[in-house]
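Trainee: Shown below is the structure under consideration.
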Amino acid sequence: MGPDEDRVVRTRAARGAEIRLAARARQVLRQNDMGVWTRASPSLYPHQWSWDSAFIAIGLARLSTRRAAKELSALFEYQWKTGKVPHIVFNPEAPPGSYFPGPDHWACAAASPDAPPAPPYTSCLCQPPVHAIAALHVWETAERNGGEEADEARAFLRKIYPKLLSWHRYLMTARDPEGSGLVTIYHPWESGTDNSPRWDAALKNVEVGYLPPYPRYDLGQVGSPSERPTGAEYDRYLWLVKLIKKAGCDEENIHRSHPFLVKDVLFSAILVAANEALLEIAASVGVKDVSLIIGWIARGRRAIDGCWDPEIGLCLDYDLRGGRPLLARTVAGFAPLIAGRQNPERLGDVIATLESPAFLGHPRLRWRVPPSTSPLQEGFHPRSYWRGPTWPVVNWLLWWSLLRAGEPGRARRLRHASLLQLASGEFGEYFEPFTGEPLGANGQSWTAAVALDWLARPPVEASAEAA
Ligand code: 2M8
């Protein structure tokens, strides 16, 4: 066989593998499909999670833009009066004893005058605002497909725009009363990177009082308890929930008394990118005055820049209670890349850290995808949840940010390595960075969703990336 024929055979084989992987990803999303929303995973997470749903909508848009729009609309049905989008909408049909803390534990949130009518119950926390990015994806995909699909998506965009605006306004005001451009979180669960070493120092100052015994259903659903947060971490999580409930889920009360108040750089950077998406949505639905959103973007971007630590070449979160930055080398530090449109020098610094031995250049990595926590960071653990494993969904966010930053070559390499990691077709929640072993829940929806989006990229974009 000549070199050309050989290349054709290899390309065909690779294409065949991609088709099989896409089929498996579709199967995972189908299995978790609850009609108009999607379970985060079949048994560990049988409810609707906020930022999971946004990523899921990005993947679903590749299958049906109508179904993807429903995913977001279903979540926003439970938006609070304040504009907050709850971090979990509980599935009334989830088997009892499947997830803790479940709807009973959060039922009191329904007593808040700002909560939507229950059931279904919602938590009173929130998660990073990927939703506008997802809504824009749905629209762009539908617009490309044209016809009735585009008309329906335009109607969806018109309906969701004011809801997204109110969600972002909530984050820019109630969650940033100082007008700093950075979002304050009340709980590590709000960051989405629950047990990351980012929170170790701030959590140390939380004194846990009496907690009645509680179940850890999660531990029975993973290969080993080491893959989930520890007992001490969970005690702190539940103690913080107890305090938030005691404060009546009221923002001002929480700001006055809560022991965990942190400015989260990753959350804030996602909000900048989401505000950029909102600006595009506003243009598509014919909104004229967008000065508010433009102001939010500028404020957010300036603030992210101010969190830069030149020593470690990453952005740092800030502990409002402790009055100090939280020193930790984690993927959250790539906030300037995610916020986008940084000056070339800052972009160069971020990429240098990304490619350094602290992340992609670490010699022991199985695939060149970033560990959630740098192996050089104290508290790194290759199997423990957000303390080291790689998360495909984070890789997607970084890949998308690299594309937006005009780094198609790096983006292409990251996508390639991410797909190799998923090649076995096991859509794990996260992966051991040195062995590539899938960990946590199996059949995780957002992992399947980002794989579908990667696999469905049209050839034009793929060749632009290769340029
Ligand atoms: C994880 O968080 C939940 C609590 O919200 C948990 O551990 O029980 C995180 O990975 C979070 O980012 C994710 O949204 C959620 C569902 O996939 O699981």
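Trainee: Of the conditions (1) within 21 Å of A274 (Cβ to Cβ); (2) buried (at least 20 other Cβ atoms within 10 Å of the Cβ); (3) of a type outside the set (A, V, I, L, M, F, W, C), P438 clears all except one; give me its number.
Mentor: Unmet for P438, out of (1) within 21 Å of A274 (Cβ to Cβ); (2) buried (at least 20 other Cβ atoms within 10 Å of the Cβ); (3) of a type outside the set (A, V, I, L, M, F, W, C): (1).
Trainee: Among the numbered criteria (1) open to solvent by 40 Å² or more (accessible area, probe 1.4 Å); (2) under 24 Å from S191 (Cα atoms), which single criterion is violated by S424?
Mentor: (2)
Trainee: Ok, one more. What is the number of the single condition among (1) away from the ligand (no atom under 16 Å from the Cβ); (2) over 22 Å from A201 (Cβ atoms); (3) touching a residue at least 24 places away in the same chain (Cβ under 8 Å); (4) out of contact with any strand residue (DSSP E or B) (no Cβ under 8 Å at 6 or more places or on another chain) that P375 does not meet?
Mentor: (2)
Trainee: Follow-up question, since we're still on this one. Pick from V393, V369: which is in contact with an Asp or Glu (Cβ under 9 Å, 6 or more places away or on another chain), open to solvent by less than 10 Å² (accessible area, probe 1.4 Å) and in contact (Cβ under 8 Å) with a residue 60 or more places away in the chain?
Mentor: Within the list V393, V369, the selection yields V393.
Trainee: Which of the residues spanning the range 225-251 are within 14 Å of the ligand (Cβ to nearest atom), outside any helix (DSSP H, G or I), surrounded by 19 or more Cβ atoms within 10 Å (Cβ to Cβ) and not basic (K, R)?
Mentor: Of everything in the range 225-251, just one residue is within 14 Å of the ligand (Cβ to nearest atom), outside any helix (DSSP H, G or I), surrounded by 19 or more Cβ atoms within 10 Å (Cβ to Cβ) and not basic (K, R), namely P229.
Trainee: So, one more: Kindly evaluate Q79 against the criterion of being more than 16 Å from the ligand (Cβ to nearest atom) and within 21 Å of W189 (Cα to Cα).
Mentor: For Q79, the condition - more than 16 Å from the ligand (Cβ to nearest atom) and within 21 Å of W189 (Cα to Cα) - is met.
Trainee: Separate question: Wholly within the range 41-160, which helices (runs of 4 or more DSSP H) include no fewer than the required count, namely at least 3 residues that are buried (at least 22 other Cβ atoms within 10 Å of the Cβ)?
Mentor: Qualifying helices (runs of 4 or more DSSP H): 50-60, 65-76, 131-145.
Let's see how each residue does on (1) within 16 Å of the ligand (Cβ to nearest atom); (2) under 29 Å from S73 (Cα atoms); (3) in contact with a Pro (Cβ under 9 Å, 6 or more places away or on another chain); (4) of a type in the set (S, T, Y):
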{"site": "A132", "(1), (2), (3), (4)": "no, yes, no, no"}
{"site": "A153", "(1), (2), (3), (4)": "no, yes, no, no"}
{"site": "R169", "(1), (2), (3), (4)": "no, yes, no, no"}
{"site": "D176", "(1), (2), (3), (4)": "no, yes, no, no"}
{"site": "W189", "(1), (2), (3), (4)": "yes, yes, no, no"}
{"site": "A202", "(1), (2), (3), (4)": "no, no, yes, no"}
{"site": "V208", "(1), (2), (3), (4)": "no, no, no, no"}
{"site": "L211", "(1), (2), (3), (4)": "no, no, no, no"}
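The values are calculated or read from the model by the stated rules, or taken from the named source; none is laboratory data. Bear in mind that the values here come from a model prediction, so they are computed numbers and not experimental data. For neighbour counting, all protein chains shown are included, and Cβ atoms are generated from backbone atoms with ideal geometry for every residue, glycine included. With ligands, DNA and RNA removed, areas are computed over all heavy atoms of the protein, side chains included. Shrake-Rupley method; radii C 1.70, N 1.55, O 1.52, S 1.80 Å.
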